[in-house]
Structures are given as C-alpha cells and as structure tokens.
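S.K.: Questions regarding the structure given below will be posed in turn.
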Amino acid sequence: MDNEAANFEICSCNVIHEDVVNRVRKNMIDDDEATDLAEFFKVFGDETRIKILNALFSSEMCVCDIAALLDMNQSAISHQLRKLKQARLVKSRRDGKVVYYSLNDEHIEQVFHQGLSHVRE
C-alpha cells in the first residue's frame, strides 16, 4: 500500500446526512451538462492543443504560422485545430487563400490561466 492510500480516510459509520445530500442535489448539474463539461476539459488534455491556445492568446494565426512556431507539420496542427474548433474553443476566418484561427471568446483564456495558476502553485 502506498503512502497516499494509507493516509486516505473513510467514514466508519453508515449514516447518510439527508439534509446535506438533498441540499447538494439541488445544485448538481444534469448528466448532459456533466458530459459536455467533461468533453470540454478533455480538449485541454493535449500538450499541442495547449500550446496552440497559448499562441492564439497573442494573435490570430494561420496553420503555417502555428506549425512554424511549434516546429510541427501543418497536418498535425490542422488535426488539433479541428478538435479545438469542434469544441468551440477556436474559430476561423478566411482571407483569400489564408485561413486564420483565433480564440472563440475570452472565457477560454480565463479557463487556461486558472489552470496554469493552479499548476504553478
């Protein structure tokens, strides 16, 4: 048994505090929202997507520029941008032959920086 498991405490009684359970139940999100939120956070679970989002905080960029910045091929960047776009974290706009990507809204940067602040604690 590792040290963390040895320090984990559990109740030694079987009493359910119904008032607490009922109060908390009223504030719980529904199953669909829980699924959507889990999917949202899952998108943040990839280092390349994190780097792309971080780059887009500074400027909108095309796939070529992001690929050069991250020293990756355009196909890999396009694949990750597709996932970010499907999750509604980034949006695109076409200017002639060039497609530029940017953050969908300011909430993405707030979530990112909250996570980064936690990691840096």
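S.K.: Would you mind checking the stretch 65-80 for residues with the amide N under 15 Å from a putative spin-label position 7 Å along Cα→C-beta of S92?
M.R.: Zone members listed by number: 65-67, 74-80.
S.K.: Quick one: dipole size for the chain, taken about the Cα centre, charges +1 on Lys/Arg Cβ and -1 on Asp/Glu Cβ, in debye to the nearest 20.
M.R.: Roughly 740 debye, rounded to the nearest 20.
S.K.: State, as an integer percentage, the relative contact order of the stretch 1-118 based on alpha-carbon contacts under 8 Å between residues 6 or more apart.
M.R.: That works out to 21 percent.
S.K.: Using a basic spin-label model with each label point 7 Å from the Cα along Cα→Cβ, how many nm lie between A68 and V15?
M.R.: The modelled label-to-label distance comes out at 6.8 nm.
S.K.: What length, rounded to one decimal in nm, is gained on full extension from K51 through to K85, with 0.36 nm per residue of separation minus their alpha-carbon distance?
M.R.: 10.8 nm
S.K.: Pick out, from I66, L89, F41, the residue whose Cα sits farthest towards the positive end of the charge dipole of the stretch 30-120, with +1 on the Cβ of Lys and Arg and -1 on the Cβ of Asp and Glu.
M.R.: I66
S.K.: Divide, for the stretch 30-120, the radius of gyration over alpha carbons by 2.2 N^0.38 Å, where N is the residue count.
M.R.: Scaled against compact globular proteins, the figure is 1.10.
S.K.: Report, in deg cm²/dmol and to the nearest 500, the calculated mean residue ellipticity at 222 nm for the chain, where each DSSP H run with n ≥ 4 adds -39500 (n - 2.57) and the sum is divided by the residue count.
M.R.: Numbers: 7 runs with 73 residues, N = 121.
Here the helix-only value at 222 nm equals -18000 deg cm²/dmol.
S.K.: Tally Lys/Arg at +1 and Asp/Glu at -1 over every other residue whose Cβ is under 15 Å from the Cβ of L53; what's the total?
M.R.: Here the charged neighbours net out to +1.
S.K.: Here's another thing I want to ask about it. Which net charge results for the neighbourhood of L103, defined as the other residues with beta-carbon distances under 10 angstrom from its beta-carbon, given Lys and Arg at +1 and Asp and Glu at -1?
M.R.: Counting the neighbours of L103, the net charge comes to -3.
S.K.: Can you give the FRET efficiency to the nearest 0.05 for N22 and D105, using r as the Cβ-Cβ distance and R₀ = 35 Å? Working shown, then result.
M.R.: Working: r = 35 Å, r/R0 = 1.01.
The formula returns an efficiency of 0.50 here.
Computed from the coordinates by the stated procedures, all read-outs in this text should not be read as laboratory data. What you see is a predicted model; the values in this text were computed from it and never measured. No Cβ is skipped: glycine too gets one built from the backbone with ideal geometry, and neighbour counts run over all protein chains shown.
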